[in-house]
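Each value in this text was obtained by applying a stated rule to the coordinates, not by laboratory testing. The model shown is predicted, which means the values in this text are computed figures rather than measured ones. Here Cβ is always computed from backbone atoms with ideal geometry, including for glycine, and neighbour counts include all displayed protein chains.
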Ligand code: PAF
């Protein structure tokens with residue numbers, strides 16, 4: 001496994017691979033590799049090609065500087081895990097390499113905006129689309145693998161690929177969930193014991209109401225979820241909504257729909273979505 005830090009170096013390696021007609025599979029990450037990321041690598045193994053994992057904690061997608069500073073950075077542990085899981089190249093540029101002209105972003109994707117996380121994290125998706133466009137331009141992968149946990153991100157990045165006519169196939173991968181039913185996330189490694197207990201209680205509330213939503217859909221259940229989360233001390237709930245998964249519009253049935261949730265356990269933001277059909 002190679003660890004590459006410079007754009008010029010990865011371009012050189014990839015152009016040699018291109019001469020041999022090798023395909024590239026890209027798994028973009030911000031590090032703190034967990035089972036969720038490894039499941040993307042596993043999926044990539046089903047496709048012909050060289051597996052490249054990018055690790056870059058992208059400053060422009062954090063709307064809160066404290067969140068950026070607290071984001072777990074576990075590079076050595078990540079290298080160790082990836083080396084055992086069929087990753088051939090780690091691309092880990094630093095901030096100057098990716099943003100030589102300063103931390104600029106552009107709003108280029110207007111679809112699936114002004115809803116869900118875009119309302120609560122202004123500028124976040126401009127940071128995501130800016131960095132992913134750079135990564136796709138540098139690496140030119142045949143396939144890029146993204147998890148459904150960040151469902152709105154997935155839709156926005158799908159639009160980015162279509163709009164820019166990029167020759168990359170987007171492979172959407174189901175969330176990997178822990179035994180409490182919640183999707184895995186790098187942020188959860190930061191839980192204190194008390195926060196972990198509160199998170200487990202949140203998971204129980206969500207699971208119980210999820211069954212109700214699936215079995216006898218009623219939008220009142222969304223109010224129940226909020227009330228029950230508040231009753232155990234969750235004071236910041238960004239959203240608790242059911243949306244249709246193709247267009248992300250509010251849905252009043254569970255047909256083709258998902259429950260979308262974002263809330264905070266203290267300072268740690270939880271986002272997840274659940275299929276309702
Ligand atoms: O989902 C993530 O980890 C990030 O948003 C991504 C796609 C790697 C871009 O920084």
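This ranking places 146, 211, 229 by how few other beta-carbon atoms lie within 10 Å of each, fewest first, which gives 211, 146, 229. For a modelled paramagnetic label at residue 195, 7 Å from Cα along Cα-to-Cβ, the residues of region 214-230 in reach, with backbone nitrogen under 20 Å, are 229-230. Over all pairs of different C-alpha atoms, region 114-167 has a mean inverse distance whose reciprocal, the Kirkwood radius, equals 11.8 Å. Using the Cβ-Cβ distance between residue 255 and residue 215 with R0 set to 25 Å, the FRET efficiency from 1/(1 + (r/R0)^6) comes to roughly 0.95.
Between residue 66 and residue 204, 0.36 nm times their residue separation minus their Cα-Cα distance comes to what? Please list the in-between numbers first.
Numbers: separation 138, 0.36 × 138 = 49.68 nm, distance 2.90 nm.
Using 0.36 nm per residue and subtracting the Cα-Cα distance, I get 46.8 nm.
Taking each DSSP H run with n ≥ 4 as -39500 (n - 2.57) and averaging over every residue of the chain yields -12000 deg cm²/dmol at 222 nm.
Report, for the chain, the % of DSSP beta bridges that are antiparallel, rounded to 5.
On the way: 17 of 36 bridges.
If I count the DSSP bridges inside the chain, around 45 percent turn out antiparallel.
So between residue 172 and residue 21, what do we pick up on full extension, going 0.36 nm a residue minus the alpha carbon distance? Let's see the in-between values first.
Details: separation 151, 0.36 × 151 = 54.36 nm, distance 2.43 nm.
Taking residue 172 through residue 21 to full extension adds about 51.9 nm, to one decimal.
Helix 7-19 sits at what angle to the longest principal axis of the chain, using alpha carbons and giving 0 to 90 degrees rounded to 10? Roughly 70 degrees between the two axes. By the Cα gyration tensor, the chain has an equivalent ellipsoid whose semi-axes, rounded to whole angstrom, run 33, 20, 18 from largest to smallest. Packing order of peptides 13-23, 147-157, highest average first: 147-157, 13-23 (average count of other Cβ atoms within 10 Å over each peptide's residues). Rg ratio for region 19-170: its Cα radius of gyration over 2.2 N^0.38 Å, N being its residue count, equals 1.02.
At a threshold of 8 angstrom on Cα-Cα distance, excluding pairs fewer than six apart, so keeping six or more, what relative contact order does the chain reach in percent? Intermediate results must be reported in sequence, preceding the final value.
Working: 437 pairs, mean separation 47.7, N = 277.
Across the chain, relative contact order equals 17 percent.
Principal axis extents of the C-alpha atoms in region 133-277 (largest first, rounded to whole Å): 48, 37, 24. Computed from Cα atoms, the angle from the helix 124-139 axis to the main principal axis of the chain rounds to 30 degrees.
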